[in-house]
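**Student:** Got a structure here, written out as structure tokens. Questions coming.
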Amino acid sequence: MESPLLKSPGAVAADPPDQEVAGHYGDPAREQRALERGAAFVDRSNRGVVKVSGPDRLSWLHSLLSQHLDALKPFEPTEALLLGPKGHVEHHLFVVDDGEAVWAHVEPGSAPSLVEFLDRMRFMLRVEVADVSDEYMVVTGPPSGSEHPAWPDVAGTTTRIVPRGEFPEGLDPAGVWAYEALRIAEHRPRFGLDTDERTIPHEAGYVETAVHLNKGCYRGQETVARVHNLGRPPRRLVFLHLDGSVDRLPAHGDPVEIPGGRAVGFVGSAARHHELGPIALAMVKRNVPVDAELLAGGVAAAQEVVVSPDTGSNAQIALRRRSARHG
């Protein structure tokens with residue numbers, strides 16, 4: 001559903017998957033600064049909104065998702081993952097309960113498939129699931145006293161679910177490019193951009209925000225428990241400081257290489273930050289040295305660790321090494 005703000009003077013549509021909202025309104029750097037100081041809002045109305053009602057909603061979602069939800073307090077925001085049978089991330093949900101229903105916002109275009117899955121899992125429980133994206137939307141801006149479901153977000157902002165078309169008054173709009181630059185600078189991965197179909201929670205750092213490690217069974221839990229106990233996930237999320245002398249950003253999906261041309265991962269999302277310059281998030285193989293210089297889509301990049309190569313390693317693993325006398 002295309003945002004009406006795309007018709008604003010200077011509005012330029014963002015790249016997929018955000019093409020239905022404005023990437024910027026003519027001055028991305030100014031919009032970033034305005035968003036940071038609480039003088040702007042971001043139209044994120046392309047995101048999906050899902051509502052789950054009924055007296056069994058929290059215990060039911062607790063049994064399906066990665067987060068501890070059965071005792072979630074009203075208006076206490078959290079995050080959760082829907083995992084596949086082998087532990088791969090299928091959906092990333094931002095969740096809050098208002099005392100009568102659970103509200104979640106998810107990536108653009110993903111609400112229908114999430115609702116379809118949840119509907120199949122209702123059985124005889126007292127729950128109702130609905131895609132309410134036509135009626136409600138997501139907006140990010142300064143904290144407010146609004147009673148709409150809300151989450152703390154980048155640079156001290158608050159993200160809220162509000163009735164569609166109810167944009168904040170008295171604030172200028174900032175494009176989604178501004179939000180994305182601040183998100184990347186805060187090392188927050190975005191599902192579907194900084195992840196792929198093989199991503200498991202430990203690789204992207206989701207264990208810190210969206211996984212409860214001491215709850216009952218849920219789909220994909222075995223993978224989470226194995227990596228938590230033994231460590232060594234196949235890949236890890238990194239933050240990249242890109243060469244500022246290059247006049248382009250690497251594209252989503254571009255290869256990340258080490259000197260010599262060997263591919264070791266892929267670029268997730270990239271942006272131009274008003275203070276840090278060009279930056280990106282990327283997924284690379286776990287064994288890439290943390291101080292290795294990289295090429296991201298051909299652009300030189302210095303990496304900053306987001307997910308440690310040893311993440312989840314709660315077991316003491318003794319490595320068997322060849323004796324020196326055996327060469």
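The values are calculated or read from the model by the stated rules, or taken from the named source; none is laboratory data. A quick note: this is a predicted structure, and the numbers were derived from the prediction, not measured. Here Cβ is always computed from backbone atoms with ideal geometry, including for glycine, and neighbour counts include all displayed protein chains. Accessible surface areas use protein heavy atoms only, side chains included; no ligands, DNA or RNA. Shrake-Rupley method; radii C 1.70, N 1.55, O 1.52, S 1.80 Å.
**Student:** So what are the ³J(HN,Hα) numbers for the stretch 289-294, from phi and the Karplus equation (6.51, -1.76, 1.60; θ = phi - 60°), rounded to whole Hz, Gly and Pro as x?
**Tutor:** Running phi through 6.51 cos²θ - 1.76 cosθ + 1.60 with θ = phi - 60° gives x, 5, 9, 6, 6, 10 Hz.
**Student:** Please report the relative contact order for the chain, taking Cα pairs under 8 Å with a sequence separation of at least 6, and give it as a percent rounded to a whole number. Provide the component values of the computation, followed by the final result.
**Tutor:** Details: 747 pairs, mean separation 58.5, N = 327.
About 18 percent, as a whole number.
**Student:** Ok, one more. Calculated FRET efficiency, ASP172 and GLU2, Cβ-Cβ r, R0 30 Å, to nearest 0.05?
**Tutor:** On the way: r = 20 Å, r/R0 = 0.67.
Approximately 0.90, to the nearest 0.05.
**Student:** Which value, in Å², gives the accessible area per residue of the chain when a 1.4 Å probe is used on the protein heavy atoms?
**Tutor:** It amounts to 47 Å² per residue over the chain.
**Student:** Using per-residue counts of other Cβ atoms within 10 Å, averaged over each peptide, order 302-312, 121-131 from highest down.
**Tutor:** Per-residue mean Cβ counts within 10 Å order the peptides as 302-312, 121-131.
**Student:** Continuing with the same structure: Highest mean first, how do 254-261, 198-205 rank when packing is the count of other Cβ atoms within 10 Å averaged over residues?
**Tutor:** Values: 254-261: 15.2, 198-205: 23.9.
The densest-packed peptide leads the list: 198-205, 254-261.
**Student:** Rg over Rh of the chain, using C-alpha atoms and the Kirkwood radius, what does it come to?
**Tutor:** 0.99
**Student:** What translational diffusion coefficient, in µm²/s and rounded to a whole number, does the Stokes-Einstein relation yield for the stretch 26-176 at 10 °C and a viscosity of 1.306 mPa s, taking the hydrodynamic radius as the Kirkwood radius over Cα pairs?
**Tutor:** 99
**Student:** When N counts the residues of the stretch 1-69, how does its alpha-carbon radius of gyration compare numerically with 2.2 N^0.38 Å, as a ratio?
**Tutor:** Compactness ratio reported: 1.59.
**Student:** Which value in Å does the Kirkwood hydrodynamic radius of the stretch 148-213 take, with 1/r averaged over all unlike C-alpha pairs and then inverted? List each step's numbers first, then the result.
**Tutor:** On the way: mean 1/r = 0.0706 Å⁻¹.
For the stretch 148-213, inverting the mean 1/r across all distinct Cα pairs yields 14.2 Å.
**Student:** Run the accessible area of the stretch 160-288 with a 1.4 Å probe and give the carbon-and-sulfur part as a rounded percent.
**Tutor:** Taking all protein chains in place, the stretch 160-288 shows 50 percent carbon and sulfur surface.
**Student:** If amide hydrogens are placed 1.01 Å from N in the peptide plane, which non-local residues have theirs closer than 5 Å to the one on THR199?
**Tutor:** The answer is VAL89.
**Student:** Determine how many Å³ per residue the convex hull of the Cα atoms of the stretch 113-264 encloses.
**Tutor:** Convex hull volume per residue, Cα atoms: 192 Å³.
**Student:** Need one word for the stretch 187-302: rounded, prolate or oblate. Basis is the Cα gyration tensor (sqrt eigenvalues a ≥ b ≥ c); a/c below 1.5 gives rounded, then a/b vs b/c decides.
**Tutor:** Since a/c reaches 1.5 and a/b is larger than b/c, the shape of the stretch 187-302 is classed as prolate.
**Student:** Here's something else I'd like to know. Once every DSSP H run of n ≥ 4 in the chain is given -39500 (n - 2.57) and the sum is divided by its residues, what mean residue ellipticity at 222 nm do you get, rounded to the nearest 500 deg cm²/dmol? Could the numbers behind the result be given before it?
**Tutor:** Values: 6 runs with 51 residues, N = 327.
-4500 deg cm²/dmol, from helical runs alone.
**Student:** To continue, here is another question. Using the crude model of +1 on Lys and Arg Cβ and -1 on Asp and Glu Cβ, and no other charge, please compute the dipole size for the stretch 245-295 relative to its Cα centre, in debye to 20.
**Tutor:** For the stretch 245-295, the charge dipole is close to 180 debye.
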